[in-house]
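> Input: one structure, supplied below.
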Amino acid sequence: MKRLLLAFVCMLPALASAGSLEPLSATDVPTLLQPPAHGERIIALWAFDCAYCEQNLQALATLQRAHPEAIELITVATDSIEQRDAIESRLRDARVEDYRACAYAEASPERINFLLDPNWGGEMPRVLVIRADGSRLGFSGALTPAQLQKFH
């Protein structure tokens with residue numbers, strides 16, 4: 001019984017962040033970009049007007065489910081948090097609502113774009129892979145199977 005209770009308590013932080021859209025401000029970016037303790041953190045940036053974003057989100061979710069201990073997936077909508085209902089609806093439609101999700105919460109999205117990746121020109125979709133060793137990869141556009149293989 002104690003083990004069950006301990007397992008539940010340990011899962012609370014993950015349950016609290018999954019399925020609940022969080023605002024992302026410039027001050028939150030350094031924490032988001034911290035290397036994970038192990039494996040990889042994949043940050044999937046997407047927008048409403050992006051043709052390939054939903055396809056990428058689904059491919060990344062499939063990859064994460066195949067490697068749950070090695071990959072942490074976080075979705076980041078570059079649209080305003082003020083569009084919370086629409087963002088959450090799109091995440092449900094893409095079947096990625098159970099992952100940690102953020103949306104931009106500042107008037108200047110370009111600033112957050114730059115803080116996330118100074119080499120990024122704003123093209124969508126954008127995927128950042130942050131490894132435990134501190135190395136990073138960035139990909140723009142629809143993901144290919146070859147690119148997905150580089151993620152794990």
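> Take the residues of segment 82-97 that are farther than 21 Å from His152 by Cα and aliphatic (A, V, I, L, M): which is nearest to the chain's Cα centre (by Cα)?
So, considering only residues that are farther than 21 Å from His152 by Cα and aliphatic (A, V, I, L, M), the one nearest to the chain's Cα centre (by Cα) is Leu91.
> If you don't mind, another one. Going through Pro68, Pro35 one at a time, which residue ends up being surrounded by fewer than 13 Cβ atoms within 10 Å (Cβ to Cβ), over 15 Å from Gln147 (Cα atoms) and at pLDDT 95 or above? Talk me through it step by step, then tell me what you get.
Working: Pro35 fails: surrounded by fewer than 13 Cβ atoms within 10 Å (Cβ to Cβ).
None of the other options fit; the residue is Pro68.
> Here's another thing I want to ask about it. What number of residues within segment 84-95 are part of a loop (DSSP other than H, G, I, E, B) and either of a type outside the set (A, V, I, L, M) or without any contact (Cβ under 8 Å) to a residue 40 or more places away in the chain (or both)? Before the answer, list the steps.
Applying the first criterion (part of a loop (DSSP other than H, G, I, E, B)) to segment 84-95 yields 94-95.
Keeping just the survivors that are either of a type outside the set (A, V, I, L, M) or without any contact (Cβ under 8 Å) to a residue 40 or more places away in the chain (or both) gives 95.
The total comes to 1.
> Another question, if that's okay. Would you call Arg100 within 16 Å of the chain's Cα centre (by Cα), surrounded by fewer than 16 Cβ atoms within 10 Å (Cβ to Cβ), modelled with pLDDT of 95 or more and closer than 17 Å to Leu57 by Cβ? Spell out the reasoning first.
Values: within 16 Å of the chain's Cα centre (by Cα): yes; surrounded by fewer than 16 Cβ atoms within 10 Å (Cβ to Cβ): no; modelled with pLDDT of 95 or more: yes; closer than 17 Å to Leu57 by Cβ: yes.
Considered against the rule, which asks whether it is within 16 Å of the chain's Cα centre (by Cα), surrounded by fewer than 16 Cβ atoms within 10 Å (Cβ to Cβ), modelled with pLDDT of 95 or more and closer than 17 Å to Leu57 by Cβ, Arg100 comes out as no.
> Okay, next question. Search segment 105-129 for residues that are under 26 Å from Leu63 (Cα atoms) and among the aromatic types (Phe, Trp, Tyr) and pair each with any residue that is at pLDDT below 95 and surrounded by 14 or more Cβ atoms within 10 Å (Cβ to Cβ) when their beta-carbon atoms are under 7 Å apart and the residues are at least 6 apart or on different chains.
Filtered contacts from segment 105-129: Trp120/Gly138.
> More than 13 Å from the chain's Cα centre (by Cα) and assigned to a strand (DSSP E or B): is that true of Asp79 in this structure? First the steps, then the outcome.
Details: more than 13 Å from the chain's Cα centre (by Cα): yes; assigned to a strand (DSSP E or B): yes.
Spelling it out, Asp79 is indeed more than 13 Å from the chain's Cα centre (by Cα) and assigned to a strand (DSSP E or B).
> Please pick out the residue among Ile74, Ile81, Ile43 that is out of contact with any helix residue (DSSP H, G or I) (no Cβ under 6 Å at 6 or more places or on another chain), more than 23 Å from Ala142 (Cβ to Cβ), at pLDDT 95 or above and among the β-branched types (Val, Ile, Thr). Before you say what the answer is, go through the steps one by one.
Values: Ile74 fails: more than 23 Å from Ala142 (Cβ to Cβ); Ile43 fails: more than 23 Å from Ala142 (Cβ to Cβ).
Within the list Ile74, Ile81, Ile43, the selection yields Ile81.
> Can you report the number of residues in segment 133-152 which are surrounded by fewer than 17 Cβ atoms within 10 Å (Cβ to Cβ) and part of a loop (DSSP other than H, G, I, E, B)?
8
> Is it true that Leu24 is under 22 Å from Ala142 (Cβ atoms), hydrophobic (A, V, I, L, M, F, W, C), modelled with pLDDT of 95 or more and surrounded by 15 or more Cβ atoms within 10 Å (Cβ to Cβ)? Lay out the reasoning, then the answer.
Values: under 22 Å from Ala142 (Cβ atoms): no; hydrophobic (A, V, I, L, M, F, W, C): yes; modelled with pLDDT of 95 or more: yes; surrounded by 15 or more Cβ atoms within 10 Å (Cβ to Cβ): yes.
Taking the combined requirement at face value, the residue does not satisfy it.
> When you scan segment 120-132, do you find a residue that is part of a loop (DSSP other than H, G, I, E, B) and within 14 Å of the chain's Cα centre (by Cα), even just one? Quick ask: steps written out before the conclusion?
Let us first name the residues in segment 120-132 that are part of a loop (DSSP other than H, G, I, E, B), namely 120-125, 132.
Those left that are additionally within 14 Å of the chain's Cα centre (by Cα): 124-125.
Among the residues of segment 120-132, at least one is part of a loop (DSSP other than H, G, I, E, B) and within 14 Å of the chain's Cα centre (by Cα), which makes the answer yes.
The values are calculated or read from the model by the stated rules, or taken from the named source; none is laboratory data. Here the structure is a predicted model, which means the values were calculated and not measured. For neighbour counting, all protein chains shown are included, and Cβ atoms are generated from backbone atoms with ideal geometry for every residue, glycine included.
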